[in-house]
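Here is the structure we will look at, set down as structure tokens.
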Amino acid sequence: MNLTLKVWRQSGPTDAGRMVTYKVEDVSPDMSFLEMLDVLNERLIIEGDDPVAFDHDCREGICGMCGMVINGVAHGEQRATTTCQLHMRHFEDGATITIEPWRAAPFPVVKDLVVDRSAFDRIIQAGGFVSVPAGSAPDAHSVPVRKEDADSAFDAATCIGCGACVAACPNGSASLFTAAKITHLSLLPQGQPERLTRAKAMVDQMDAEGFGGCTNTGECTAVCPKGIPLDTIARMNSDYLQANKK
Amino acid sequence: MKFVEGPDIRDTKAPEGPIEERWEKRKFAAKLVNPANKRKLNVIVVGTGLAGGSAAATLGELGYNVKSFCYQDSPRRAHSIAAQGGINAAKNYRGDGDSIYRLFYDTVKGGDFRARESNVYRLAQVSVNIIDQAVAQGVPFAREYGGLLDTRSFGGAQVSRTFYARGQTGQQLLLGAYQALERQVAAGTVQMFTRHEMLDLIVADGRARGIIVRDMVTGEIERHVADAVVLATGGYGNVFFLSTNAKGCNTTAIWRAHERGAYFANPCYTQIHPTCIPVSGEYQSKLTLMSESLRNDGRVWVPLRKGDDRAPGDIPEDERDYYLERIYPAFGNLVPRDIASRAAKNVCDEGRGVGPGGLGVYLDFRDAINRLGRDAVEKKYGNLFEMYERITGENPYDVPMRIYPAVHYTMGGLWVDYDLQSTIPGLFVIGEANFSDHGANRLGASALMQGLADGYFVLPTTIGDYLAAGPFGEVDEEAVTEAEGKVRARIERLLSVNGNRTPDSFHRELGKLMWDYCGMERTEESLRKALERIPELRKEFWENVKVTGTAEELNQVLEKAGRVADFFDLAELMCLDALVRTESCGGHFRAESQDADGEALRDDEHFAHVSAWEYSPEGVPVLHKEPLEYEYVKMTQRSYK
């Protein structure tokens with residue numbers, strides 16, 4: 001396959017940035033999207049150009065490090081797929097593909113397609129945990145957990161923290177990310193003692209980071225590579241309201 | 001490559017006495033640090049996977065002043081996250097005959113009698129606490145309808161001791177450790193440095209006293225000093241270029257520590273995982289593992305006839321060779337990883353491999369679908385089948401999967417004593433980065449167990465014994481300046497070559513060479529060839545590598561080049577270690593040492609020892625042997641027939 005890429009290039013946070021066009025030839029349909037970019041970068045290095053910087057690590061869809069907006073869609077049009085798991089067989093020969101970084105004020109661009117997502121870590125720091133120091137835990141079977149609750153908690157816990165939800169949201173909201181963690185822990189008995197303080201602290205931190213509010217457009221869940229359900233946000237709001245009543 | 005032999009290592013600091021009492025004894029004997037003094041003691045932890053994340057969190061909880069470093073943009077992304085299958089623990093919740101002793105026994109045997117009994121026993125003891133800890137943190141393990149934890153049997157174990165969270169156990173355990181870590185960041189006990197790469201170890205007055213790191217965003221070189229340094233930087237499987245490791249996994253931290261005096265143990269012990277998706281082309285950047293649990297229901301086969309290129313569905317039953325079931329009737333498709341991998345290589349070498357380049361075997365679910373129904377198979381393996389289809393474009397419900405072995409884990413690593421301390425006082429090494437518990441072959445679902453055992457339970461106790469003598473005062477300025485200067489000079493050298501080849505192209509060539517000559521099967525001839533070729537390629541690297549950009553910016557080419565440079569040096573030591581160990585054991589198969597059936601043949605008389613290598617600046621490493629004694633588990637030749 002031969003492709004035309006329009007890639008966002010930005011040398012650093014203070015650079016205005018621009019789209020730059022590259023041709024890539026002899027792309028195999030079995031390549032992953034990132035392997036296609038590897039091929040481009042190998043060529044750019046040899047030509048003495050600065051290769052396109054992008055974040056990636058596990059390349060098996062679980063670390064959450066990669067992420068780019070491909071043809072206007074976070075992680076591309078293939079549903080429930082991270083960028084690293086997207087393969088070139090889903091593109092037409094001769095196509096033009098636009099590639100941009102996550103765009104949201106709380107995710108400033110570091111370079112090219114690399115953004116700073118440390119706001120997510122700070123939201124977890126605010127309360128995304130159960131306070132249980134190592135060595136203090138009771139026997140694992142001392143508290144049975146309903147299978148349905150464990151399964152639903154797992155569904156929320158699969159969030160990989162990639163930030164696609166924020167990139168897709170017209171408001172730049174981090175509600176799906178925050179709600180996934182709140183839901184995971186609030187469905188389990190172990191998460192109950194801190195349930196309301198957690199919800200309040202995490203939502204307040206999310207707001208403090210400058211993420212927008214949720215208006216239920218649902219773009220987040222549509223692009224989420226792990227299919228985190230939208231109703232987690234309802235649970236977050238419910239916990240948050242309760243916390244504020246107290 | 002020349003080497004010399006140095007004195008044996010006789011004392012590993014394991015307490016004497018009955019094996020079940022040794023860890024208790026050590027814990028009691030370990031000096032305690034006064035709570036008021038803990039905040040005056042600084043500890044650096046490099047790496048935030050299961051071992052590093054849990055260690056940094058726990059040290060913070062104890063009140064130490066911790067600095068935690070990772071190269072990713074968040075500690076949550078460390079490659080432990082990709083572990084699929086599960087975590088072993090001797091809970092015996094099933095009442096199926098499991099016990100701490102049995103987990104200990106299985107691990108020593110599975111490691112082909114090349115691991116330390118004392119360490120492994122402690123690992124089995126601590127395994128039960130890990131499950132308690134993880135559940136209390138809210139790790140959503142699989143449960144049964146009664147609300148209790150579900151387990152499965154895994155990787156050839158005959159008891160059901162593997163706890164799991166669908167196919168994402170590593171992710172859930174890592175997020176548990178990550179959350180505990182972030183809780184300590186919020187509490188102010190841990191300071192987090194993301195996008196920072198360790199480039200050297202500071203050793204002053206005979207103690208590890210800090211690290212030199214590069215801020216990967218600004219390019220700034222920073223010095224961080226402390227009273228102790230913990231390396232939890234993972235394995236070095238990426239020396240093969242293609243592996244199931246994340247792209248960023250590298251050997252730099254442990255290699256630089258090795259250059260500073262830490263012995264490197266058993267570098268040749270690498271685990272090749274049998275069930276990975278085969279290579280599809282020259283551009284391949286990594287290999288993806290398919291969980292071993294697939295072998296519970298999938299049947300492995302190749303065509304009976306060489307060069308049979310019919311579609312799998314057109315090959316009749318009597319023209320298929322279910323070779324694992326044929327050769328190993330007792331364990332069949334569930335033989336341990338090293339055996340399954342080599343068998344796949346053998347049938348492919350015979351020209352019976354399938355798929356592009358003939359480097360693949362079928363893993364067929366036809367019979368399972370007929371027996372259990374498609375729905376049942378989908379329920380069990382649905383997410384794995386989807387992942388396979390996403391990568392290959394083939395639907396495994398209709399066409400058998402193609403799989404091939406890939407480098408997955410490295411049992412070797414920095415040598416540590418019973419306290420997980422390296423040969424440099426104050427340098428501790430945990431998780432995959434050390435060599436300690438898996439011998440020559442790691443059993444499935446044991447990596448997560450070891451990482452968390454080290455980080456939550458073992459290191460926080462043993463490091464206290466060392467720190468009780470601290471704080472160790474000001475760090476000798478000269479040592480810090482020397483280390484920083486060395487790092488700067490190396491970066492400058494990489495940038496100044498300005499040759500014609502990319503770092504990746506050298507890495508690919510090195511990886512292929514290692515796979516061909518020091519991979520699943522090693523011979524004296526292949527290893528000698530590798531030892532001849534590696535220095536030539538390294539020389540070319542330093543004369544012809546091209547690194548674009550500058551040192552003062554985010555520069556992924558520079559990062560890569562530095563890592564590849566260290567892989568060259570490590571590769572050489574791996575080949576030397578493999579050459580010296582003329583026996584076959586676990587993941588190390590020397591073609592010269594096999595029995596009449598082609599199975600690995602150990603040589604306990606000459607090789608029942610750990611090979612711990614001391615670095616030599618003159619290029620003549622010193623081999624120290626640590627004899628291995630087996631008081632509890634009788635050494636036998638493994639048989640899975």
One quarter of the convex hull surface, Cα atoms only: what value does that give for the protein assembly as shown in nm²? 34.2 nm²
Just order B:584-590, A:31-37, B:90-96 by mean Cβ neighbour count inside 10 Å, highest at the front, would you? B:584-590, A:31-37, B:90-96
With only alpha-carbon pairs counted, each pair once and no self-pairs, how large is the Kirkwood hydrodynamic radius of the stretch A:3-111 in angstroms? 14.4 Å
Report, as an integer, the average count of C-beta atoms from other chains found within 10 Å of each Cβ along B:1-13. 0
Helical contribution to [θ] at 222 nm, DSSP H n ≥ 4, -39,500 (n - 2.57), averaged over chain B, rounded to 500: -11500 deg cm²/dmol
Pop the C-beta distance of residue B:474 and residue B:220 into the FRET formula with R0 = 25 Å and round what comes out to the nearest 0.05. 0.65
Compute the FRET efficiency between residue B:616 and residue B:32 as 1/(1 + (r/R0)^6), taking r as their Cβ-Cβ distance and R0 = 25 Å, and round to the nearest 0.05. 0.05
Starting from the Cα of residue B:379, step 7 Å along the direction of its Cβ; do the same at residue B:24; then give the gap between the two resulting points in nm. 4.4 nm
I'd like the distance separating the alpha-carbon centroids of the stretch B:69-114 and the stretch B:253-271, in whole Å. 22 Å
Folded to 0 to 90 degrees: helix A:147-157 orientation relative to chain A principal axis, Cα: 40 degrees
Each residue of the stretch A:61-78 in order: what ³J(HN,Hα) in whole Hz does its phi give by Karplus 6.51 cos²θ - 1.76 cosθ + 1.60, θ = phi - 60°, with x for Gly and Pro? x, 10, 7, x, 7, 7, x, 8, 8, 10, 6, x, 10, 4, 6, x, 6, 5
Return the whole-Å distance between the Cα centroid of the stretch B:45-61 and the Cα centroid of the stretch B:467-498. 23 Å
Any idea how far the Cα center of the stretch B:178-244 sits from the one of the stretch A:152-224, in Å? 29 Å
Residue B:9 long-range amide H proximity, modeled H, under 5 Å: B:625, B:626
With just the Cα atoms of chain B, tell me how far they stretch along each of the three principal axes, in Å, largest first. 75, 61, 48
Averaged over B:481-492, how many beta carbons belonging to a partner chain fall within 10 Å of each residue's beta carbon? 0
Projected area, mean over directions - chain A, Cα convex hull, nm²: 15.4 nm²
Rounded to two decimals, what is the ratio between the C-alpha radius of gyration of the stretch B:477-604 and 2.2 N^0.38 Å? 1.33
Once you keep just the Cα pairs under 8 angstrom separated by 6 or more residues, what percentage relative contact order results for the stretch A:118-245? 34 percent
Per residue of B:448-457, how many C-beta atoms from partner chains lie within 10 Å of its own C-beta, taken as a mean? 1
Helical mean residue ellipticity (222 nm; -39500 (n - 2.57) per DSSP H run of 4+; nearest 500) of chain A: -10500 deg cm²/dmol
Could you rank the peptides B:469-480, A:215-226, B:415-426 by their average count of other C-beta atoms within 10 Å per residue, with the highest value first? B:415-426, A:215-226, B:469-480
Read phi for every residue in the stretch B:556-572 and hand back ³J(HN,Hα) as whole Hz from Karplus 6.51 cos²θ - 1.76 cosθ + 1.60, θ = phi - 60°, with x for Gly and Pro. 5, 6, 5, 4, 5, 4, x, 5, 4, 4, 6, 4, 4, 5, 5, 4, 4
Read phi for every residue in the stretch B:26-31 and hand back ³J(HN,Hα) as whole Hz from Karplus 6.51 cos²θ - 1.76 cosθ + 1.60, θ = phi - 60°, with x for Gly and Pro. 5, 4, 5, 6, 4, 5
I want to check the label-to-label distance for residue B:632 and residue A:194. Put each point 7 Å from Cα in the C-beta direction and report it in nm to one decimal. 3.5 nm
Zone of residue B:397's modelled label, taken as backbone nitrogen in the stretch B:298-327 under 13 Å from a point 7 Å along Cα→Cβ: none
Only Cα pairs under 8 Å and at least 6 apart count here; give the relative contact order of chain B as a rounded whole percent. 21 percent
Average projected area of the Cα convex hull of the stretch B:538-641, in nm²? 11.1 nm²
Under a plain spin-label model, where a point goes 7 Å from the Cα along Cα-to-Cβ, how far apart in nm are residue B:5 and residue B:205? 3.8 nm
Going from the alpha-carbon gyration tensor of the stretch B:267-366, what semi-axes, largest first and in whole Å, does one get by taking the root of 5 times each eigenvalue? 21, 18, 13
Over the stretch B:342-487, what lengths in whole Å, largest first, do the semi-axes of the equivalent ellipsoid take, defined as the square roots of 5 times the eigenvalues of the alpha-carbon gyration tensor? 47, 20, 15
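Compute for the stretch A:149-218: radius of gyration divided by Kirkwood radius, i.e. Rg/Rh, restricted to C-alpha atoms, rounded to two decimals.
So for the stretch A:149-218, dividing Rg by the Kirkwood Rh gives 0.98.
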I need the GluC sites (Glu not before Pro) found in the stretch B:238-333, filtered to DSSP loop residues with at most 12 other beta carbons within 10 Å of theirs. B:282
Tell me which residues come under 5 Å, amide H to amide H, from residue B:200 once H is placed; ignore anything under 5 positions away on its chain. B:212
Between residue A:26 and residue A:238, what length comes free when the chain is fully extended (0.36 nm per residue of separation minus the Cα-Cα distance, one decimal in nm)? 71.1 nm
Under-5 Å amide H pairs with residue B:364, H placed in peptide plane, nonlocal only: B:299, B:300, B:301
Which number do you get for Rg(Cα) / (2.2 N^0.38 Å) in the stretch A:118-245? 1.04
Label zone at residue B:552, where the point sits 7 Å out along the Cα-to-Cβ direction: the stretch B:205-232 residues whose backbone N lies under 16 Å: B:215-222
In this structure, the FRET efficiency calculated for residue B:16 and residue B:101 from their beta-carbon separation, with R0 = 30 Å, to the nearest 0.05, is 0.95
Of the options B:322, B:335, B:298, report the single residue whose Cα projects farthest towards the positive end of the charge dipole of the stretch B:289-347 (beta-carbon charges: Lys, Arg +1; Asp, Glu -1). B:335
For the stretch B:11-161, state the semi-axes of the equivalent ellipsoid (square roots of 5 times the eigenvalues of the alpha-carbon gyration tensor), sorted largest first and rounded to whole angstrom. 28, 23, 16
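Throughout, read-outs are computed from the coordinates displayed, never taken from laboratory work. Given the structure is predicted, the values throughout are model-derived calculations rather than measurements. Here the Cβ is made from the backbone with ideal geometry for all residues, glycine too, and neighbour counts use every protein chain on show.
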